[in-house]
1. For the range B:314-455, divide the Cα radius of gyration by the Kirkwood radius and give the resulting Rg/Rh value with two decimals.
2. Using all C-alpha to C-alpha distances in the range A:5-51, build P(r) with 10 Å bins and read off the rounded percent in each one.
3. Order these by the 10 Å Cβ neighbour count, fewest first: B:Ser524, A:Ser25, B:Ser78, B:Ser253.
4. Please grab the % of Cα pairs in the range A:1-157 that end up more than 22 Å from each other.
5. In vacuo Debye scattering of chain A, one point per C-alpha: log10 I(q)/I(0) at q = 0.13, 0.15 Å⁻¹?
6. Kindly provide the pair-distance distribution of the range B:361-428 built from C-alpha pairs, with 10 Å bins from 0 and whole-percent values in order of increasing distance.
7. Determine how many Å³ per residue the convex hull of the Cα atoms of the range A:177-285 encloses.
8. Need one value for B:615-626: mean number of C-beta atoms belonging to other chains within 10 Å of its residues' C-beta atoms.
Amino acid sequence: MTQVNYKAPTTTKEASRLMAKAKGSAFLLAGGTDLLVRMKSGLIDPDLIVDIKRIPATQSIKKNDGKYVIGAGVPCVALGKNKGLVKAWPGVVEAANLIGSDQIQGRCTMVGNLCNASPAADSVPALVAARAKAVIVGPKGRRTIPVEKVVTGPGTTSLKKGEVIESIKLPERGARSADAYLRFIPRTEMDIAVCSAGVNLTLGAKGIIKQARVALGAVAPTVILVPAAARALVGKQLDDAVLAKVAAACEIACAPIDDKRGTVEFRTEVAGVLARRAATIAYQRAGGKL
Amino acid sequence: MTADTSYTDQEFELVGTRPVRPDGIDKVTGRARYGADASAPGQLVGAILRSPHAHAKIKKIDTSKAEKLAGVKAVITSADLPDLTHGNRASFDILENCMARDRALYDGHAVAAVAAIDQVTARRALSLIKVVYKKLPHVTDVDEAMQDSAPIVQPHIRTPGGDPDKPTNISQISTFGHGDVEAGFAKAEVIVEESFKTEQTHQGYIEPHACLATLGPDGQGELWVTTQGHYTFRNICAELLGLEVANLKVTSSEIGGGFGGKTHVWMEPVALALSRKANRPVKLVMSREEVFRASGPTSSTSVDVKLGATADGRIVAATATLRYQGGAFPGIWGMLGAMTSFACYDLENVKSIGYDVLVNRPKVAAYRAPSAPMAAFGVESTMNLLAEKIGMDPVELRILNAATEGTKASYGPPYGPIGIGATLEAVQKHPHMRARLGKNQGRGMACGFWFNFGGQTCCDLNIGVDGTVNLTVGTVDVGGSRASLSLIAAEELGIPYEKVRVTIGDTASLGHNDTTEGSRGTFSSGMATIFAARNAIEELKVRAAQTWEIDAKHVDWQNGQAVARGIEHSNLGPLTLEELARKSPTTGGPIAGHNEVVADGAGVSFASHICDVEVDPETGSTKVLRYTVVQDAGKAIHPDYVEGQFQGGAAQGIGWALNEEYIYGKDGRLQNPGFLDYRIPVCSDLPFIDTKILEIPNPNHPYGIRGVGETSIVPPLAAIANAVSNAVGVRMKHIPMSPPRILKAIKEQQAGESQVSAG
Amino acid sequence: MSGVHVSTTVNGDAVEFVCPGGESLLDVLRNRLGLTGAKEGCGTGDCGACSVTLDGQLVCSCLVLGAEVEGREVNTVEGMAEGNRLHPLQRQFLDNAALQCGICTPGFLVAAKALLDENPNPTETEIRYALAGNLCRCTGYDKIVRAVDAAAKDLRREAKRKARQKSK
């Protein structure tokens, strides 16, 4: 263990600069609910911690031209208190609000959840289903990439040295659109997802699904999109036959592992069940009738 | 002092009421001091280096770099804790568990320790200690460890009655029972037989092990520690460190949960050895990961049960084979499993065989009614299988076969008055049994037994000049016993509850007290308190007689005052305890009562539980909807805390039944040493837990008290398994019934059914 | 040692301390400020025994760096009673025997207060989910949930009385 240098810059640019020039191991601190656990367990031994919570741009939820921009330092509890956001993106909000206890909710952030790069991150399948984008500030300026391009594998991201995610952008929400997220955990709270599913739908006339995205968590090295499940939905009204196809497509897409949280068999089976149930919820939220 | 301990039926003024506990304010304001809350001037921080291997030879430990690090004041290995046990193998096992000698026996086994000026330095020092290991083959599964080809955990162990030259992992085989089981099975019209497994669980107390140790070159030391038994800790630490018992003062801190896990010494001798080497106080606190990896969980088991009965439900033969692993050291866990397995029933022919088995896991410790829940899971599940096969109501079946007063227990002695029948009848009448169930919901019930324990106990009761009372006891208060003991002292003396203050004495202030285990706290210290109070009353009567200048024989104690008996003394008004106390400086000095007792005759305890669950057939997830505990308390001194014990035990049992388990990798390392993946129930997992206290007096206690702390963890495993079986039609034989296990069982059942219909 | 100098407010009092950059708020409270009411049960945010509020927001102090609380307001169990007057939650925990060993009690009290500050009239289910981040191994939560419910009633009654007094 070494002496940790703690910095709390007030602009994203400065945070990026500190991270870029850091020697040794440097970590960004948003909510800290993963970082401090890793420090405690001795998995990491930072030389530098850059706290982004004193940066105003990371601290707000804004709506510009119908698009929500959620700062990287916004604790997940704040999402549930934003009525407009809940109405537009109930699935994203419920996913973020499922992370940990009330104590964790007061600290954890969606960007932290994303950058921790766990395949079981709760908010990520919902963000991927929602076509969310990450706004990145780095030594070479700003860039915006789809959320699914951030995580490259368990614990690894595509971010380059000095790059800092400043915010998450959600697209404009049209009519008759809704999303939903479900996860499976053994208890009622406090667990990491054994598997999970996020579904985002837009309906047309007569409840026919116009657009669909289905993403699964904890069934592969990263959160995965399941285009076959989306295809099973598009152009249909939701019924048991369609749902069975969604579940089957999800099961085929699963490539999970056996570990302390679940078996291959269980994850595969239940991911299909969750996708089916999440699709049903999203469909009803979007105004579809079963 | 011997006194009559037999039960007398009496009216109580205070016993049975629910006053606020005396240590309450400290505990709701954050003032109460637990193991990690003490500090001493010049204190160092201790830290322990632990084996990353399940089983390994320790070839070399190089501590030189750590010793040179600035701020490091002591580094120790097993060389600093030499063997002073003089051939006492049980003590040597404790020593070896505290610090590995030539081999690391499990993932998490201590191999070296440091004391440094702060946490950062201590952790850095640990990283500078170089240990050269040679990995050895390991075994963590109880059934595998019993195979002939299994890696040997402790080469000196032999199976009793087995080959004296052949090392083995079976350290003990214990057989209990009576009658002729073969003849019994021959008579049986119905026979059921099933095998079960349970995984290892941890007591999961929220407070990690913590102590503050001071030991000087003069051999005098002090230890502040979270423990269930500071006298036992003192004796063991003194033996392992070569100290005189009187020179080590051990003070029990407030204890943040124990459930058996704090009856054992884990790292306290290490803290004392560090302090001795550094000649400064050392604070040593386990991390949660260390608690899971290196302090005793309960056994994982494998159990076979066979029951034979007549067609009308009378059990004519019962056998059980129970295999319990005790971690890397010999235990008594299989023996306790064999003793408890059939204790609920009146059986003509019964036999149980318990195997104690060593594996490469942490040393098993007592966990609340140790070994009984796993045995009950096997037996009580098989009871339901028998009921199904006969076509009989499972409660009826149990009532028909329940033990009663005079029944010869399967573990030997005849029973006195006991409560198993009464708990079953209460279950049968309970509205819970008639509540409606919905889709995918099921109800189960099961019974449980625990011996309870008494043991060595002593206490002092000192009366202050204002008539208030200090009661000093030596049994650690793990769940509210100070309130119960205050009630008992006040009841005996006839004074208000608030006038008594109970303190847990350190080891220098009282004679030896056995550890608070076996549900003995209120039973045994309650008994000692009654006798100490009566002892003080005798002295109060003498003082009153002296004041009145009459013979003490003519003085009675009534409602907190001395009363002169007989018409000739009718002119003498009563003297209250307070009046006598105020006069005490001039009537012979302080007034006190004492008692030393071996509190034999702890009454056995029985419980029957009812549980409703809902199972999601698509995910295997189980929700406990309703739970009812019926248990015999003998006499509930403070009913709130009796209910609390019932509820807490049930909640632990629910966790064990559904989600808690030690998960080992193929490498023999524990994969879930944290509260994230070792899943104890959270608040939203549980319903309110209803309780019904029965009071069938224990004939061997003046108030009829039985221990109440443990029995409540015995029935839940089977009660929930029976409920799940009724909800989704699958018989769960492996605990915990985690969602993957239930879903797999449902799928297998469905596959079996479709095969049957196809065939 | 190059520590971080921090000025902050704890239970209404201005305090200053110097701590290493990687030290948790929990360690600062316990080892530097002498406030041992918050406990370390896990150090990983899974047990809630170290619960405090930070600018009114419930957090696990083991997952906050001491360096982060510069200029903020920290409240712990030690600040719950007003002088010698216990908070209704503290009173109801005692009256309902909602603690056995008591190690989790400070965390439960802080978390329950955060719940009732936000939602004065929670259902049983809301209480259970709000307290899911606080582990108790002794009680099975039964008497804790009852105590929180009773304290919520007390607080609502108190609020009504205050409102009535104001309107007079």
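All of the numbers you see were taken from the coordinates with simple rules; none came from a lab. Keep in mind that this is a model prediction, so the values were computed, not measured. Note that each Cβ is placed from the backbone with ideal geometry, even for glycine, and that neighbours are counted across all protein chains shown.
1. Working: Rg = 16.6 Å, Rh = 16.5 Å.
Ratio value, two decimals: 1.01.
2. Cα pair-distance distribution for the range A:5-51, in percent: 28, 55, 17, 0.
3. On the way: B:Ser524 33, A:Ser25 13, B:Ser78 20, B:Ser253 23.
Final ranking by Cβ density, sparse to dense: A:Ser25, B:Ser78, B:Ser253, B:Ser524.
4. Numbers: 4883 of 12246 pairs.
More than 22 Å apart: 40 percent of the Cα pairs in the range A:1-157.
5. Reported log10 I(q)/I(0), two decimals: -0.85, -1.10.
6. Result, from short to long distances: 17, 38, 34, 10, 1 percent.
7. On the way: hull volume 9.6 nm³, N = 109.
Value for the range A:177-285: 88 Å³ per residue.
8. On the way: counts 0, 3, 0, 9, 10, 5, 6, 1, 1, 0, 0, 0.
Average per residue, whole number: 3.
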